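Single-structure report; data block below.
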Amino acid sequence: EQKLEVEVKNREVEQAKAAVEEKASQLELTSKYKSEFLSNMSHELRTPLNSLLILAEHLAANTKSHLDPKDVEFAKLIHVSGNDLLTLINEILDLSKIESGTVLVDNVAVPFAAVQEQIENTFRHIANDRKLDFEITLASDLPSVIVTDEMRLLQVMKNLLSNAFKFTEKGKVSVRVNRALSGWSVENASLNEADEVFVLT
């Protein structure tokens, strides 16, 4: 009887082990299919988007002077928004890179003025359409550049501002960039070791 009980337990252990291995295999296959889908869709989306960007650029150039200044402004906005969408598509590709551990942060010197201009170009028309005031203020003591991953910095700012405009019915949406001397977790090694830290509010 004791021998039979041991055999039953061994059989249950083997069955449980086989179930775990099968589940792991299914998860691995699902992850593979997801990564392939994201990669294929990202590449498929780039083709029509690149055509849109080229056409918008031609319209913005207005070489035959057929468009009035407002139309040219709209064409430029289409081009900027298209580039934003292209960046988002690249981020979708990065999801598959994250899973494989191949994402690298691309730190470069980014002018604060350039960040301000891009955010202004992206959201000014939204502010006008919703009849909201919109202001971006850079503190006077900021350096001319910040060393960061420009794409991810802009992505974070645009996500925050998209939410701000979404939930603001009247009044003003503002962004202020200042130096930060404290206020983050003492356990945050990256910020503790940084030469300078900046805060967006």
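Overview of results
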{"quantity": "Residue match in region 123-132 (condition: touching a Lys or Arg at 6+ places or on another chain (Cβ under 7 Å), modelled with pLDDT of 85 or more and more than 23 Å from LEU53 (Cβ to Cβ))", "calculated": "yes"}
{"quantity": "Pairs, first at pLDDT 70 or above in region 86-114, second loosely packed, with under 12 Cβ neighbours inside 10 Å, C-beta under 7 Å, six or more apart", "calculated": "PRO111/SER144; PHE112/SER144"}
{"quantity": "Residue that is nearest to THR148 (Cα to Cα) [pool: residues in region 168-191 that are open to solvent by less than 90 Å² (accessible area, probe 1.4 Å) and in contact with a Ser or Thr (Cβ under 9 Å, 6 or more places away or on another chain)]", "calculated": "LEU191"}
{"quantity": "Selection status of GLU7, at pLDDT 75 or above and open to solvent by 70 Å² or more (accessible area, probe 1.4 Å)", "calculated": "no"}
{"quantity": "Selection from region 162-190 of residues that are among the hydrophobic types (A, V, I, L, M, F, W, C) and touching a Leu at 6+ places or on another chain (Cβ under 9 Å)", "calculated": "PHE165, VAL173, VAL175, VAL177, ALA180, TRP184"}
{"quantity": "Filter pass, MET157 being more than 15 Å from PHE123 (Cβ to Cβ) and either open to solvent by less than 30 Å² (accessible area, probe 1.4 Å) or in contact with a helix residue (DSSP H, G or I) (Cβ under 7 Å, 6 or more places away or on another chain) (or both)", "calculated": "no"}
{"quantity": "Leading residue by the ranking (least open to solvent (accessible area, probe 1.4 Å)) among those in region 29-64 that are at negative phi and not in a helix (DSSP H, G or I)", "calculated": "THR63"}
{"quantity": "ALA164 within 26 Å of ALA75 (Cα to Cα) and of a type in the set (Gly, Ala, Ser)", "calculated": "yes"}
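The values are calculated or read from the model by the stated rules, or taken from the named source; none is laboratory data. All values derive from a computational prediction rather than experimental measurement. Neighbour counts are summed over all protein chains in view; Cβ atoms, including those assigned to glycine, are modelled from backbone coordinates with ideal geometry. For the accessible areas, the whole protein counts, side chains as well, though only heavy atoms, and no ligand, DNA or RNA atoms are used. Shrake-Rupley method; radii C 1.70, N 1.55, O 1.52, S 1.80 Å.
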